[in-house]
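Q: The following block contains the structure, expressed as C-alpha cells.
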Amino acid sequence: MKTVMIIDDSESMRMTIKAIVEANGYEVVGEAGDGKTGIEMYQRLKPDIVTMDVVMRDMNGIETLRSIASLDPDAKVVMISAMGQGQFVKDAIVAGAKGFIVKPFSEQQIMETFAKVLR
C-alpha cells in the first residue's frame with residue numbers, strides 16, 4: 001500500500017484529503033499543520049507521496065518543499081492550493097513539486113495526479 005503524508009494548516013482540508021486518499025487505497029501515515037513539523041515528519045516517515053498547501057502560517061509550502069527536496073531530491077510532493085496563478089505553479093515546480101492541484105478539487109483530480117506522480 002502506498003503511503004501519503006498531508007501538510008496543510010487547515011484541519012478540515014487535511015480531513016478531506018485523507019478521506020479521499022484512504023477511500024482509494026492509500027495509507028495516510030502522517031499529518032502536519034505546519035511546514036516545520038512536516039519536514040520533521042517527512043524525514044521520519046519517508047512517505048511515497050506528500051500533499052502540501054502553498055499558503056501556510058510561519059513557513060509557506062514553497063519553503064517547506066525546498067527543504068524536503070534538499071533532504072530527498074526524489075521526494076514526490078504534490079502542491080494543493082487555491083493559488084492557481086502561473087507564478088505559484090512555476091515556483092512550486094522549480095522548487096521540486098511533481099504535481100499541482102488547484103482548489104477546489106475533485107477526488108478524480110487527486111487520484112489522476114497521484115497516478116502520474118507515482119509512475
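The values are calculated or read from the model by the stated rules, or taken from the named source; none is laboratory data. Computed from a predicted model, the values in this text were never measured in an experiment. All Cβ positions, even for glycine, are placed from backbone atoms using ideal geometry, and neighbour counts span all protein chains on display.
Q: Being surrounded by fewer than 16 Cβ atoms within 10 Å (Cβ to Cβ) and polar (S, T, N, Q), is that true of even one residue in the range 25-38?
A: So far as the range 25-38 goes, no, none of its residues is surrounded by fewer than 16 Cβ atoms within 10 Å (Cβ to Cβ) and polar (S, T, N, Q).
Q: Kindly provide the set of residues from the range 88-119 that are hydroxyl-bearing (Ser, Thr, Tyr) and part of a helix (DSSP H, G or I), ordered by number.
A: If we filter the range 88-119 for residues that are hydroxyl-bearing (Ser, Thr, Tyr), which is where we start, we get 106, 113.
Within the range 88-119, Thr113 is the sole residue that qualifies.
Q: Here's something else I'd like to know. Condition first: in a strand (DSSP E or B), at pLDDT 95 or above, surrounded by fewer than 17 Cβ atoms within 10 Å (Cβ to Cβ) and not polar (S, T, N, Q). Can you find one or more residues in the range 44-55 that meet it?
A: Of all residues in the range 44-55, those in a strand (DSSP E or B) come to 49-53.
Still in the running and at pLDDT 95 or above: 49-52.
Applying the additional criterion that residues be surrounded by fewer than 17 Cβ atoms within 10 Å (Cβ to Cβ) yields none.
No, the range 44-55 has no match at all.
Q: Restricting the search to the range 68-87, which residues are part of a helix (DSSP H, G or I) and under 14 Å from the mean Cα position of the chain (by Cα)?
A: Applying the first criterion (part of a helix (DSSP H, G or I)) to the range 68-87 yields 68-71, 86-87.
Scanning the range 68-87 gives Ile68, Ala69.
Q: Anything in the range 50-83 that is touching a Gly at 6+ places or on another chain (Cβ under 6 Å) and of a type in the set (Gly, Ala, Ser)? List them, or say none.
A: Ala69
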